[in-house]
1. How many residues are assigned to a loop (DSSP other than H, G, I, E, B) and open to solvent by less than 100 Å² (accessible area, probe 1.4 Å) when one looks only at the stretch 141-162?
2. For residue 117, are the conditions met, namely being surrounded by 10 or more Cβ atoms within 10 Å (Cβ to Cβ) and touching a helix residue (DSSP H, G or I) at 6+ places or on another chain (Cβ under 8 Å)?
3. Given 2, 75, 96, which one is under 26 Å from the mean Cα position of the chain (by Cα) and either in contact (Cβ under 8 Å) with a residue 40 or more places away in the chain or over 30 Å from residue 121 (Cα atoms) (or both)?
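The values are calculated or read from the model by the stated rules, or taken from the named source; none is laboratory data. Predicted model, so just to flag it, every value in this text is computed and none were measured. No Cβ is skipped: glycine too gets one built from the backbone with ideal geometry, and neighbour counts run over all protein chains shown. Accessible surface areas use protein heavy atoms only, side chains included; no ligands, DNA or RNA. Shrake-Rupley method; radii C 1.70, N 1.55, O 1.52, S 1.80 Å.
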Amino acid sequence: MKTPQEYLDIIQDAHPCPVNTGFERAAWLFETREALRWMLDFVELEYKHQIAEIQDQNLTSEKYNLYARYRNYTKVKVREVEHYSTELFEKLVHIKATDAEKILGRQNLYREAANLLGSDIQRYETVNATELAKAVPQHVYDRLTEKEERLMDYEIEEVTET
C-alpha cells in the first residue's frame, strides 16, 4: 500500500505546482483540492460497493483479509446509575436534543422554551425555509424570505486575456 505522501508525490509529478507561493500556487492547490474532493466522494462510494459485494458473495482472498474495525467507547449503564444514586441520576440524566425533537416535536419544544424564556425566545426563533416553501404560495415565500450571502470558501481562477 502506498503512503499518503507517495500519492501526493504521484499527483505532483503528474500535475506539478508552478511555484511555491502566491496566486499560482493557490490556484494549483485549489484545483488539486477540488479534484481530491471529487475523488474522495467517488472512492468512498466505490469502496462501500466493493465491501458490500465481498460480503454479499462471501468472497475470500489469499492476498487480502477483510476485517471490521471498531471503536471503543464508554457506555453508561443508565439504570445502574439510577440504582446507585437517585440524586446523582437526577443530576446527570438527560435526553439528546435530537431525541427530544423526535419525541416532543418542534412545536412542543418551542412552546416549552417560550414558557421558560418569555420574550427572550425571539433570539432563538427560526423558521425552516423548506417547510415555509411548502406552506405558502411562491409570491408569499418571496416576500417572507431574503437571500443571504455567506462566505463558504475562496476560489482561484486564472484570468484569461480577451
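1. The total comes to 3.
2. Considered against the rule, which asks whether it is surrounded by 10 or more Cβ atoms within 10 Å (Cβ to Cβ) and touching a helix residue (DSSP H, G or I) at 6+ places or on another chain (Cβ under 8 Å), residue 117 comes out as no.
3. 75
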